[in-house]
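Here is the structure we will look at, set down as structure tokens.
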């Protein structure tokens, strides 16, 4: 890793669906984002909605280029991972300045989204879809 990565960092962990993200914010950075060892553009491809959702807590305080960010994320799909990264970034920002809590809470970045995929039930085709009824 680069020399900017060594030293003190601010840590946050976030979850969304089955995804878990661990974010490290290194101060005096250049704004680069590394996800699982890859640049963010290479990891998420050309999905602007995903990358903008991921960096929303930083944009709230105009800190886009203030930190070098390294992220470890596992589980789930693309949107679940982006939501987990957003949650983890907001929690890491709280470690930097606890006075930002009200703004992060109002924007909805600190609330853990508890919605999960509902399990399939026996006798049904999916979680709620029943087989077609036939009268005769």
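The values are calculated or read from the model by the stated rules, or taken from the named source; none is laboratory data. As the structure is a prediction and not an experimental result, all values here were calculated from the model. Please note: Cβ atoms are built from the backbone with ideal geometry, for glycine as well, and neighbour counts cover all protein chains shown.
Every test in (1) over 18 Å from the mean Cα position of the chain (by Cα); (2) modelled with pLDDT of 95 or more is passed by residue 136 save one, and that test is (2).
With respect to the conditions (1) at positive phi; (2) under 12 Å from the mean Cα position of the chain (by Cα), residue 12 lacks only one, and its number is (1).
Just one residue in the set 39, 27, 57 is under 12 Å from the mean Cα position of the chain (by Cα) and at pLDDT 90 or above; that residue is 57. A single entry from 128, 112, 136 fulfils the requirement of being in contact with a helix residue (DSSP H, G or I) (Cβ under 8 Å, 6 or more places away or on another chain) and part of a loop (DSSP other than H, G, I, E, B): 112. For the stretch 72-107, a residue qualifies if it is in a loop (DSSP other than H, G, I, E, B) and at pLDDT below 95, and the qualifying residues are 76, 77, 97. Where helices (runs of 4 or more DSSP H) fall wholly inside the stretch 30-69, the ranges with 2 or more residues that are within 18 Å of residue 108 (Cβ to Cβ) are 48-54, 56-60. On the basis of being within 18 Å of residue 93 (Cβ to Cβ) and either modelled with pLDDT of 90 or more or more than 12 Å from the chain's Cα centre (by Cα) (or both), does residue 21 make the cut? For residue 21, the condition - within 18 Å of residue 93 (Cβ to Cβ) and either modelled with pLDDT of 90 or more or more than 12 Å from the chain's Cα centre (by Cα) (or both) - is met. Applying the criterion of being out of contact with any strand residue (DSSP E or B) (no Cβ under 7 Å at 6 or more places or on another chain) and not in a strand (DSSP E or B) to the residues of the stretch 15-29, the residue that is farthest from residue 118 (Cα to Cα) is 28.
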